[in-house]
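Enquirer: Submitted below is the structure of interest, expressed as structure tokens.
Read-outs: derived from the displayed coordinates by stated rules, not from any lab. Please read these numbers as outputs of a predicted model, since none were measured by experiment. We place every Cβ from the backbone using ideal geometry, glycine too, and count neighbours over all the protein chains shown.
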Amino acid sequence: SSLFVYPTKIIIKTCGTTQLLKSVQPFIHLARTLNLHIVALRYTRGSFIFPQAQPHPHTSFHEEVVYLEDNIPANLCYRKASVIPSKLTSHSWHVFSAAVVEYSDDILYTVEVCMTDLDQTLARKFFRHPNDGKNGDSAGREMTEATGINRINPNAQICDFAFDPCGYSMNAIDGDRYSTIHVTPEDGFSYASFECVGSVYDGDIADMVKKAVKVFCPGTVSVATTSASNDMCLRMKNAVEQLGMKCRSWSMDEFPAAGTVVFQTFTTRR
Amino acid sequence: MAVSGFEGFEKRLELEFSCHDPVIGIGLRELDFKSLEQVLHLVQCTVVSALGNQHFDSYVLSE
């Protein structure tokens, strides 16, 4: 899980059975103490592997939306909640966005990649060896190098952590841009995610996505892009297909507070 | 079947703020670590590692 704090923006991404939405009110309150007022909110997630295990307020997307509606100020009036489907019934993209003003073209876009059914040999690299004599930081650093995660963006500074007995998280920072990877490597419900921010002036984001997917060689990949151009979404598609995956679906929806969200899914050709 | 703790798919939240004052400075980065920890406690996460630069702060969280 990761938290990023910018002067006027907070991004928090958590997995497992965390109760993420409980942070909305406290963050709004803390910001207010600094004379900062919320102007936009975006909540996104894929389809849970174990939805029955999720606690309040995450028992369903409907419950999440109701909770958000009840916990944000009324002036965030440009609101929309939508589930973007795919041809893979277990993969759909859930989006809630709200803002004070309507979205207008931004130079930045967000890419959220979710991967399941990771290659077992590659996933094994995210298990710690018993009594390895390392702490989470040093074991994480070793995983970052052994898996090639450090080569996804060679310009980035990486903060990594290996959990015991398995699992891995890293944040990478490159100027004002972040990227992040989280891994749950257990066989049967293996999962990895990659997220980054790109700008219309960047030419290599699709290449970064390709490198990140290659670290895990997953059976299924979804790529959700928010506020990206059609051309950039097409580049993402081409990048993933170059790894031998086949695009199974391409869906999109418009959000008054976030612009266009495109959701693509891929599976291996095997 | 419910196997809690192994859920991979994350929940992601992005909050944007603005200020009437044209000079925001470090803004939210002024929040002290204890305040962030208190919010993370509600979410059921803790900070396990951190890194920052002149633009923003990043924290790797448990879970």
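Enquirer: Once the principal axes of the Cα atoms of region A:134-218 are found, what is the range along each, listed largest first in whole angstroms?
Expert: Projected onto its principal axes, the Cα set of region A:134-218 covers 41, 27, 17 Å.
Enquirer: Bins of 5 Å, beginning at zero and ending with the bin holding the largest distance: percent of Cα pairs per bin for region A:3-150, please.
Expert: 2, 7, 13, 17, 17, 15, 12, 10, 6, 2, 0
Enquirer: Turning to a different aspect of this structure: Averaging sequence separations of C-alpha pairs under 8 Å and six or more residues apart, then dividing by the length of chain A, give the relative contact order as a whole percent.
Expert: Details: 524 pairs, mean separation 53.2, N = 270.
With pairs under 8 Å counted, the relative contact order is 20 percent.
Enquirer: Past the 15 angstrom mark, what percentage of all C-alpha to C-alpha distances in chain B do you count?
Expert: On the way: 1287 of 1953 pairs.
Here the long-distance tail beyond 15 Å is 66 percent of all Cα pairs in chain B.
Enquirer: Using alpha carbon centroids, what distance separates chain B and region A:42-92, in Å?
Expert: Between the Cα centre of chain B and that of region A:42-92, the gap is 19 Å.
Enquirer: Another question, if that's okay. Which value in deg cm²/dmol, rounded to the nearest 500, describes the helix-derived mean residue ellipticity at 222 nm for the protein assembly as shown, given -39,500 (n - 2.57) per DSSP H run of n ≥ 4 and division by the residue count?
Expert: Details: 7 runs with 72 residues, N = 333.
Calculated at 222 nm, the ellipticity per residue is -6500 deg cm²/dmol.
Enquirer: Just want the answer: with Cβ charges of +1 for Lys and Arg and -1 for Asp and Glu, which residue in A:S82, A:S104, A:T147 is farthest toward the dipole's positive end in region A:80-201?
Expert: Projecting each Cα onto the dipole axis, the largest value belongs to A:T147.
Enquirer: While we're here: Between region A:176-223 and region A:16-39, what is the C-alpha centre distance in whole Å?
Expert: Between the Cα centre of region A:176-223 and that of region A:16-39, the gap is 27 Å.
Enquirer: On to the next question. What is the dipole size for chain B, taken about its Cα centre, with +1 at each Lys and Arg Cβ and -1 at each Asp and Glu Cβ, in debye to the nearest 20? Show your work: numbers first, answer last.
Expert: On the way: 4 positive and 10 negative charges, 19 e Å.
Dipole of chain B, to the nearest 20 debye: 80 debye.
Enquirer: From Cα pairs below 8 angstrom and at least 6 apart in sequence, can you work out the relative contact order of chain B, rounded to a whole percent?
Expert: Values: 30 pairs, mean separation 13.9, N = 63.
Averaging sequence separation for qualifying contacts and normalising by length gives 22 percent for chain B.
Enquirer: Taking other Cβ within 10 Å of each residue's Cβ, how do A:V197, A:V113 sort, fewest first?
Expert: On the way: A:V197 18, A:V113 24.
The fewest-first ordering by Cβ neighbours comes to A:V197, A:V113.
Enquirer: At a 10 Å Cβ-Cβ cut-off, how would you order A:T265, A:T110, fewest neighbours first?
Expert: Working: A:T265 26, A:T110 21.
Starting with the residue having the fewest Cβ neighbours, the order is A:T110, A:T265.
Enquirer: How high is the relative contact order of region A:96-251? Use alpha-carbon pairs under 8 Å, at least six apart in sequence, and give a whole percent. Before the final figure, lay out each step's value.
Expert: Working: 259 pairs, mean separation 50.5, N = 156.
Relative contact order here is 32 percent.
Enquirer: Evaluate the charge dipole of the protein assembly as shown about its Cα centre and quote only its size in Debye, nearest 20, assuming +1 on the Cβ of each Lys and Arg and -1 on the Cβ of each Asp and Glu.
Expert: On the way: 29 positive and 38 negative charges, 154 e Å.
With Lys and Arg at +1 and Asp and Glu at -1, about 740 debye.
Enquirer: Out of every Cα pair in the protein assembly as shown, what percent are spaced more than 31 Å from each other? The partial results should precede the final answer.
Expert: Numbers: 14293 of 55278 pairs.
The share of Cα pairs beyond 31 Å in the protein assembly as shown comes to 26 percent.
Enquirer: Taking neighbour Cβ counts within 10 Å as the exposure measure, how do A:V215, A:V101, B:V23, A:V65 sort from fewest upward? Walk me through the intermediate numbers first.
Expert: Numbers: A:V215 22, A:V101 13, B:V23 5, A:V65 19.
Lowest to highest Cβ neighbour count: B:V23, A:V101, A:V65, A:V215.
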